[in-house]
Every structure is written in C-alpha cells, then in structure tokens.
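Please treat every number below as a calculation from the coordinates, not as lab data. All figures in this text were calculated on a predicted structure; none of them were measured in a lab. Every residue, glycine as well, gets a Cβ built from its backbone with ideal geometry; the counts of neighbours run over all protein chains shown.
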Amino acid sequence: MRLITSLTSPFARKVRIVLAEKNLPCEMVVDIPWNPDTTVPQFNPLGKVPVLMRDDGSTLFDSRVIADYLEQLKPWPMLVPADAMQMIAVKRWEALADGVSDAAAAVFIERKRPEAQQSPEWIERQLGKIRLGLRAMNDDLALNAYCVNATFSLADIAVGCALGYLDFRFPELGWRDEFPGLVRLADVLAQRASFAATVPVA
Ligand SMILES: N[C@@H](CCC(=O)N[C@@H](CS)C(=O)NCC(=O)O)C(=O)O
C-alpha cells in the first residue's frame with residue numbers, strides 16, 4: 001500500500017496515525033495538492049489528500065473511507081467499536097472533528113489569497129465553526145478520559161488531529177485557554193508514538 005499525503009494535512013495525519021496504531025506497513029508518498037506539479041488529481045479526481053493506493057492499483061479516498069477500510073483490513077487493535085451505537089458515536093465525533101479541521105483549512109487557504117480578494121465575513125463564518133466545534137467537543141468530552149466509552153478510538157484520533165492542526169496553523173486562537181478537557185485529551189494523545197511521529201511540519 002502507498003499513502004499519498006502531505007505532512008500538514010489533519011486528514012492525512014488521521015490515516016497515518018491509524019496505520020501506525022495498527023502497525024500496518026505503508027509507503028508514504030508526499031505530494032502537496034496545491035503545487036502546480038501535483039499528481040494527486042490522477043489518483044483522486046477531487047485533488048485532495050489523503051489517497052490510499054492499494055496493491056491492486058485501486059485507490060481510496062477520503063480519510064474516513066480509508067480509516068474504515070483499514071479497520072476492516074486489520075481489525076486489531078480496534079479503533080472503531082463493533083457495537084453499532086458506539087460506532088455511530090465514534091463516527092459523529094469524527095465528523096465534528098473533521099468539520100473543525102475543514103473550517104481551519106478553509107481559513108488558512110483564504111488567508112493565502114491576495115488581501116483584497118479575501119472575505120472577512122467568510123473567514124469569520126469559518127472561525128465560528130471552529131469555536132462552536134471546539135466548545136461542543138469540550139462539553140461532550142466532559143471529564144471522560146476518551147471521547148467514546150473511556151476507550152481510545154478513531155474519535156480521539158480525529159480530535160487530536162484537529163487540535164494539532166490548530167496548534168500548527170492558528171496558535172493565536174488560544175484554544176488551550178478555554179477548553180481544559182480538550183487540553184487534557186491532547187496531552188494524553190501527544191504521548192502516543194503514533195501522534196509524536198506525525199506532528200505537522202511545514
Ligand atoms: N474530506 C476530506 C478532506 C481532505 C482535504 O481537504 N485535504 C486537503 C489538505 S488538508 C487538500 O488536499 N486540499 C486540496 C484541495 O482542496 O484542492 C478527507 O477527509 O480526506
């Protein structure tokens with residue numbers, strides 16, 4: 001297997017962490033989808049990373065599909081619970097955390113445009129999603145050790161990647177000052193080898 005990835009994408013990081021947690025061998029191919037010479041659209045018509053290339057030449061995207069595929073490929077250690085309702089809970093967390101990552105990535109890209117073309121209203125709308133998303137995650141986590149059923153899962157991976165992306169691109173947001181539950185979770189996750197090995201780098 002090969003993973004087309006960037007070293008900054010929170011979605012690609014999610015998949016890289018799942019691969020590491022499951023100890024699945026996978027070649028990393030770094031490709032920045034924004035570069036003019038990117039090959040990503042050859043493998044994903046949407047032009048986004050991550051893309052998983054299977055050994056039979058077929059490709060999988062996006063990160064949620066890839067994570068689900070890897071769970072089927074190697075169910076242990078289990079990152080998505082077998083129980084249907086717990087599985088839905090994990091996927092809901094993943095959707096929320098990925099939504100925060102989506103909004104953050106959108107702001108980052110918008111701010112790279114010439115200043116005169118940027119829309120402050122649109123940026124504020126995305127920042128609102130980040131703020132409310134963080135609040136919802138912090139409230140839902142409450143005093144629990146992990147997001148779902150006190151057990152490390154794909155939900156924690158998605159949340160950790162969203163928080164890591166905010167630390168990387170938006171340190172000025174200061175989310176750590178406001179959301180103590182998320183700080184506690186992020187600090188626990190940072191100790192895992194899979195998280196330490198995939199910290200975003202420019
Ligand atoms: N929903 C997708 C989102 C992937 C995504 O937005 N990737 C960004 C990097 S963070 C990307 O490749 N953007 C390039 C583009 O939008 O053209 C997933 O979960 O894989």
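Remarks
- Per-pair calculated FRET efficiency, R0 = 30 Å: Ala116 and Asp187 via Cβ, rounded to 0.05: 0.15
- Per-pair calculated FRET efficiency, R0 = 30 Å: Glu124 and Ala196 via Cβ, rounded to 0.05: 0.30
- The packing ranking of peptides 15-24, 52-61, highest mean first, is 15-24, 52-61, where packing means the average number of other beta carbon atoms within 10 angstrom of each residue.
- The rule of thumb for compact globular proteins, 2.2 N^0.38 Å, goes into the C-alpha radius of gyration of the chain 1.01 times.
- For the residue pairs Lys22/Lys91; Lys22/Lys129; Lys48/Lys74; Lys22/Lys48, the alpha carbons lie more than 20 Å apart in Lys22/Lys129; Lys48/Lys74; Lys22/Lys48.
- Dividing the summed -39500 (n - 2.57) terms of all DSSP H runs of n ≥ 4 by the residue count of the chain sets its mean residue ellipticity at 222 nm at -17500 deg cm²/dmol.
- In a simple Cβ point-charge model (Lys, Arg +1; Asp, Glu -1; nothing else charged), the chain has a dipole of about 80 debye relative to its Cα centre.
- Computed over the chain: relative contact order in percent, which uses C-alpha pairs under 8 Å that are six or more apart: 25
- Helix runs (DSSP H) in the chain reaching 30 Å along axis by Cα, Kyte-Doolittle at least -0.5: 84-112
- Between Thr151 and Glu172, the simple spin-label model (points 7 angstrom out along Cα→Cβ) gives 4.3 nm.
- Segment Ser58-Leu24, extension gain: residue separation times 0.36 nm, minus the distance between their alpha carbons: 10.5 nm
- For the pair the range 176-193 / the range 86-142, the C-alpha centres are spaced 18 Å from each other.
- For the range 84-192, the equivalent ellipsoid derived from the alpha-carbon gyration tensor has semi-axes of 27, 14, 11 Å in decreasing order.
- Gln72 versus Asn144: modelled label distance in nm, points set 7 Å from Cα along the beta carbon direction: 2.6
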